[in-house]
Amino acid sequence: MSKNTICLWYDKDAETAARFYSEVFPDSRVGAVHRAPSDYPSGKEGDVLTVEFTVAGIPCIGLNGGPVFKHNEAFSFQIATDDQEETDRYWNAIVGNGGQESACGWCKDKWGISWQITPRVLTDALAAGGSEARRAFEAMMDMRKIDVAAIEAARRG
């Protein structure tokens, strides 16, 4: 296990979520699945309690802690993409599997985890500063899923 691992709280679907992420994102996998040694407030002996998994190279643990805590946008995974095809693939996998769209490249999966699907062209434009960054930023503000061609056009002016 890594020294620093992200722990994500799920009601009861940690293993299903981990398997979904491992199918969608490269450099992702499901590791050990640990079962509860006895009954606990949100489950029974033998239920999946925790799942070790990796999402795009980031080690995580999914904890089936029950319905007490909910995810919010204060935590998100940001996935850098190289082109529109990759952006569409991740966006469609998350939103098309029971998730929901939000603004400016953000979406949520069906478990409530927030994702930023961010083309590198947008990150590069914002890092450029000045009027190029302003134009790209203003174009992004009207988007849900990021449109790479529109960001490129905004960069050019």
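The values are calculated or read from the model by the stated rules, or taken from the named source; none is laboratory data. Note that the coordinates shown come from a computational prediction; the quantities given were computed from them, not determined experimentally. Quick reminder, even Gly has a Cβ in these numbers, built from the backbone with ideal geometry, and neighbours come from all protein chains shown. Protein only, heavy atoms only, side chains kept; ligands, DNA and RNA dropped before computing areas. Shrake-Rupley method; radii C 1.70, N 1.55, O 1.52, S 1.80 Å.
Among Asp124, Asp13, the order of accessible area from largest down is Asp124, Asp13, computed with a 1.4 Å probe on protein heavy atoms. Modelled spin-label separation between Met1 and Glu73, with each label point placed 7 Å from Cα along the Cα-to-Cβ direction: 3.3 nm. Treating cross-link reach as a plain straight distance, find the lysines whose alpha-carbon is under 28 Å from the alpha-carbon of Lys145, omitting any fewer than eight places away in the same chain. List returned: Lys70, Lys108, Lys110. Largest GNM mean-square fluctuation across Tyr90, Tyr40, Tyr21, computed for the chain with C-alpha springs under 10 Å, falls on Tyr40. Modelled label positions at Arg89 and Thr123, each set 7 Å beyond Cα in the direction of Cβ, lie 1.7 nm from each other.
Computed over all pairs of different Cα atoms, the Kirkwood value for the hydrodynamic radius of the stretch 84-157 is 12.4 Å.
Annotation for Ala80 and Asp47: the two label points, set 7 Å from Cα along the Cα-Cβ direction, are 4.0 nm apart.
Restricting attention to the chain, close to 60% of DSSP beta bridges with both partner residues there are antiparallel.
Each principal axis of the Cα cloud of the chain was taken in turn, and the coordinate range along them, longest first, works out to 62, 26, 25 Å. With distances taken between every two different alpha-carbon atoms, the stretch 25-92 has a Kirkwood hydrodynamic radius of 14.4 Å. Computed from the C-beta positions of Lys110 and Arg134 and an R0 of 22 Å, the FRET efficiency is 0.05 to the nearest 0.05. Ranking Glu15, Glu138 from most to least accessible surface, computed with a 1.4 Å probe over the protein chains only, gives Glu138, Glu15.
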